[in-house]
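Structure, as structure tokens:
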Amino acid sequence: MAQGLDADRARVHLSYFGRGRPERYGIHVDRLDTQQPADTSGVPRPRGYDGGVYFISATNLQPVVLTPAGPWNRQYEALYQQALAMEHDLAAAAGDPAARARLLAMMPEEDWLRSRAFLEKLRSARFRAYLRQREPDDEVNYSILVYRVSDEQARQALAGPMPEDGPSLLQKAMDEN
């Protein structure tokens, strides 16, 4: 890499198309596109997309192999906003058994769990759509793209305006050759 990485200060995130486990080599990363451990209610915790260094394989950056497939669009954005609202309702009811019971009366718990899991896939897809709008900061072996993301950029990726996801920079480069 052209620029060094201070692992003590930067949070490192990884999403790659491979089976190797970085932990076996003493590399500690936050694995994206995998399920987070459940909280005490058995519900997977939302993944934190925050500032840090993101190592993302070119394959995973493109909307091909991960769900949802295809470019980020208004339909995905609407589903994302709906799932965020449901997540907010569930979080607001966490300390209120009566409110939680009302929510569960509206929709079975397994549907809430599926909604949370789908929200994580949408969150990942929206974040990747945001990254596709910019040039990577670096690359590793022509296949792992490196993005340095501030906390504010991460917030914009997930809560800012809908990413305009036209042809990716990678697709544009391939079309030029």
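Cβ-Cβ below 9 Å, separation at least six or inter-chain, first residue in segment 59-73 and at pLDDT below 80, second of a type in the set (A, V, I, L, M) and assigned to a loop (DSSP other than H, G, I, E, B): which pairs?
Matching pairs, first to second residue: P63/A69.
Restricting attention to segment 100-107, does a residue exist that is on the phi < 0 side of the Ramachandran plot, at pLDDT 90 or above, more than 16 Å from the chain's Cα centre (by Cα) and in a helix (DSSP H, G or I)?
Checked segment 100-107: no residue is on the phi < 0 side of the Ramachandran plot, at pLDDT 90 or above, more than 16 Å from the chain's Cα centre (by Cα) and in a helix (DSSP H, G or I).
From the list D89, D50, D96, D111, which residue is closer than 19 Å to L14 by Cα and charged (D, E, K, R)?
Answer to the selection: D50.
For segment 90-98, does any single residue satisfy the condition of being of a type outside the set (A, V, I, L, M, F, W, C) and surrounded by 12 or more Cβ atoms within 10 Å (Cβ to Cβ)?
No: zero hits.
Residues that are assigned to a loop (DSSP other than H, G, I, E, B), at pLDDT 80 or above and under 30 Å from E164 (Cα atoms): does segment 74-95 have at least one?
Scanning segment 74-95, I find no residue that is assigned to a loop (DSSP other than H, G, I, E, B), at pLDDT 80 or above and under 30 Å from E164 (Cα atoms), so the answer is no.
Checking A94 against (1) out of contact with any strand residue (DSSP E or B) (no Cβ under 8 Å at 6 or more places or on another chain); (2) aliphatic (A, V, I, L, M); (3) within 24 Å of Y76 (Cα to Cα), which test does it fail?
(3) is the only condition that A94 fails.
Let me spell it out: the conditions are (1) modelled with pLDDT of 90 or more; (2) on the phi > 0 side of the Ramachandran plot; (3) not aliphatic (A, V, I, L, M), and F55 meets all of them except one. Which number is the exception?
With respect to (1) modelled with pLDDT of 90 or more; (2) on the phi > 0 side of the Ramachandran plot; (3) not aliphatic (A, V, I, L, M), F55 is out only on (2).
Of the residues in segment 5-51, how many are of a type in the set (A, V, I, L, M, F, W, C), in a loop (DSSP other than H, G, I, E, B) and at pLDDT below 60?
3
Using beta carbons and a limit of 7 Å, which pairs, at least six apart or on different chains, have the first residue in segment 118-141 and charged (D, E, K, R) and the second one in a helix (DSSP H, G or I)?
So the pair list comes out as R123/L158; R126/Y80; R126/A157; R126/L158; R128/L61; R132/L61; R132/L169; E135/L169.
The values are calculated or read from the model by the stated rules, or taken from the named source; none is laboratory data. No experiment lies behind these values; they were computed from the predicted model shown. Cβ sites come from the backbone with ideal geometry, for glycine too, and all protein chains shown count toward neighbours.
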